[in-house]
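One structure is given here, and the rest of the page talks about it.
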Amino acid sequence: MGSMKKMQALLMDSIFEVFEKMFFVFLEPCTGAMGHDLAVSIRFCGSTNGRIDAYLSESLAAFMAQNMLGLNPEEVTDNTREDCAREAVNMIAGNFLNKLDARQVFNLTLPVCEKKPGRFPQDNDAALCLMFDAEERSLGIRLSGEILER
Amino acid sequence: MSFNVLIVDDSGAMRAVIKKIVGLSGFRMDQCLEAGNGREAMALLADHWVDVIISDINMPEVNGLEFLEQLARNETLREIPVIMITTEGSEQMMQEAFARGAKGFVKKPFLPEEIKKILYQVIGVGDDGQYEEDAGSADGLDF
């Protein structure tokens, strides 16, 4: 398996594992233009450096919060939505890097979440971009940086 | 016998999930304290005794490894068992946490059963009636 394909497979595994185990959300890979409301980013450095960005619809973030915390829709606040989105990206990054090489220590920054409506950037030359759908709730994940040169 | 638990994580959502799991695990939990980082945790520990600490690593101000160091320097607090629950899953990070006094390690994402199992191992109680077996099912948590 090529390095990029292997990385894509590992990243997909991590995304599925985090969403299924922690949020009880079952994602389907998809293609096409996709809108988002929240953008979350985390950087990592170690034997290689990089960044993971996640782009989510607010409906997905709310669904994650409801499932993880057992809340009713009206109980989900902006803060809880953003907290869940940050934690998801933190877990995806840690899980992916551990799958990539468990012998290496990577330092992760604290994830940052912004309300940033827009379209998922699909600049595939500079990044590895993956898109998912969960019952019409969207998620885009973008891996970029030196790590792609491995 | 009931236990006081301290959960240290900068994510309020994660603290809520862990608290729920501990509550459903069958332990008689007396008090559950929460802190957003190691500094807040040390401040709480100045006034409260806890039987077990569950801590993240990647946190602002005082992270989980620094928190372990601070606990180890305190003759009383070093006796409290600490379970790390973290995304930082490298072998070296685990060794570092154990070297600084951690008694257990769970990688995020986790299943509720993993936390229940490590809690039983670390606190040292089992099927001897010291916890409420019927609070959580044997096969898994109703979560």
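The values are calculated or read from the model by the stated rules, or taken from the named source; none is laboratory data. No experiment lies behind these values; they were computed from the predicted model shown. In this analysis, Cβ positions are derived from the backbone assuming ideal geometry, glycine residues included, and neighbour counts consider all displayed protein chains.
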> Are any residues in the stretch B:55-68 in contact with a helix residue (DSSP H, G or I) (Cβ under 6 Å, 6 or more places away or on another chain) and either of a type in the set (Ser, Thr, Tyr) or surrounded by 18 or more Cβ atoms within 10 Å (Cβ to Cβ) (or both), and if so, which ones?
Replying inline: B:SER55, B:ASP56, B:ILE57, B:VAL62, B:PHE67
> Only one of these conditions is not met by A:LEU148: (1) assigned to a helix (DSSP H, G or I); (2) in contact with a Ser or Thr (Cβ under 8 Å, 6 or more places away or on another chain). Which number is it?
Replying inline: (2)
>> Condition first: among the charged types (D, E, K, R) and more than 18 Å from B:ALA97 (Cβ to Cβ). Now tell me which residues in the stretch B:45-60 satisfy that.
In response: B:ASP47, B:ASP51
> If you check B:GLU96, B:GLU88, B:GLU114, which single one turns out to be assigned to a helix (DSSP H, G or I), within 24 Å of A:THR109 (Cα to Cα) and charged (D, E, K, R)?
Replying inline: B:GLU96
> Restricting the search to the stretch A:1-58, which residues are in a helix (DSSP H, G or I), within 14 Å of another protein chain (Cβ to nearest Cβ) and of a type in the set (Ser, Thr, Tyr)?
Replying inline: A:SER14
> Is there a residue in the stretch B:103-121 that is among the charged types (D, E, K, R), surrounded by fewer than 19 Cβ atoms within 10 Å (Cβ to Cβ) and over 29 Å from A:PHE23 (Cα atoms)?
Replying inline: no
> Counting only residues that are within 14 Å of chain A (Cβ to nearest Cβ) and in a loop (DSSP other than H, G, I, E, B), which one in the stretch B:62-85 is farthest from A:THR109 (Cα to Cα)?
Replying inline: B:VAL62
> How many residues, within the stretch A:96-105, are within 7 Å of another protein chain (Cβ to nearest Cβ) and either in contact (Cβ under 8 Å) with a residue 24 or more places away in the chain or among the hydrophobic types (A, V, I, L, M, F, W, C) (or both)?
Replying inline: 3
> So, of the residues in the stretch B:3-57 that are within 14 Å of chain A (Cβ to nearest Cβ) and acidic (Asp, Glu), which turns out to be farthest from the chain's Cα centre (by Cα)?
Replying inline: B:ASP10
>> Which residue is surrounded by the fewest Cβ atoms within 10 Å (Cβ to Cβ), if the candidates are limited to the stretch A:110-136 and must be assigned to a loop (DSSP other than H, G, I, E, B) and out of contact with any helix residue (DSSP H, G or I) (no Cβ under 9 Å at 6 or more places or on another chain)?
In response: A:ASP125
>> crowded, with 17+ Cβ neighbours inside 10 Å and either touching a helix residue (DSSP H, G or I) at 6+ places or on another chain (Cβ under 7 Å) or at pLDDT below 95 (or both): is that true of B:LEU71 in this structure?
In response: yes
